[in-house]
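Below is one structure; the comments refer to it alone.
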Amino acid sequence: MSMLEQLYIQAQTRGLEHGLPYAGALTPTEAFEILKMDGVARLIDVRTRAELDWVGRPAVNASQYSHIEWISYPTGAPNMSFINQLSEISSFETPLFLICRSAGRSKFAAAAATQAGFTRAFDILEGFEGDRDSHGHRNTINGWRWQGLPWLGV
């Protein structure tokens, strides 16, 4: 079994163990490794445009990265076109890795994608900035940036 297959199986197993309503869950490092090995996999950043501008974004192959807001800024309104926008850039079989700040919105987005018929929607655990530490700061205990994975931004 290849490393790529092992990583997908780990993510799917995590999904089954936790009863997730989508294909599975990946750590940031697992997602990055799969993106390097599987050219059809896509990283879908569901954060707001403001978050990208102010905080940065994962640095992955441009052909594998897409930004589709789950919630619009500054209104906080749900993006009612999310599934349509997702359909414009991927097929129902495309491996989709959804990421947000700390893995809250990405879970909802992965569930909605699955409900719409996307069969390989995965949540990226910890998100881009990770959880807050005891002082309320992010990027100090987990997340894409804390893991030292490549990113672009401020």
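The set of residues in the range 70-108 being in a loop (DSSP other than H, G, I, E, B), crowded, with 19+ Cβ neighbours inside 10 Å, in contact with a strand residue (DSSP E or B) (Cβ under 9 Å, 6 or more places away or on another chain) and at pLDDT 95 or above consists of Trp70, Ser90, Pro95, Cys100.
Can you tell me which residues in the range 8-48 are of a type in the set (Val, Ile, Thr) and touching a residue at least 12 places away in the same chain (Cβ under 8 Å)?
Matches in the range 8-48: Thr27, Thr29, Ile34, Val40, Ile44, Val46, Thr48.
State whether one or more residues within the range 104-127 are of a type in the set (A, V, I, L, M) and either on the phi > 0 side of the Ramachandran plot or touching an Asp or Glu at 6+ places or on another chain (Cβ under 6 Å) (or both). Yes, the conditions are met somewhere in the range 104-127. Checked against the criterion of being outside any helix (DSSP H, G or I) and either within 13 Å of the chain's Cα centre (by Cα) or at pLDDT 95 or above (or both), the candidates Leu16, Leu35, Leu43 yield just one match: Leu43. Looking only at residues in the range 109-126 that are assigned to a loop (DSSP other than H, G, I, E, B) and touching a residue at least 40 places away in the same chain (Cβ under 8 Å), the one that is most open to solvent (accessible area, probe 1.4 Å) is Thr119.
The values are calculated or read from the model by the stated rules, or taken from the named source; none is laboratory data. Since this is a predicted model, take the numbers as computed values, not measurements. As a convention, Cβ positions derive from the backbone with ideal geometry for all residues, glycine included, and neighbour counts pool all protein chains shown. Ligands, DNA and RNA are excluded from the accessible area calculation, which covers all protein heavy atoms including side chains. Shrake-Rupley method; radii C 1.70, N 1.55, O 1.52, S 1.80 Å.
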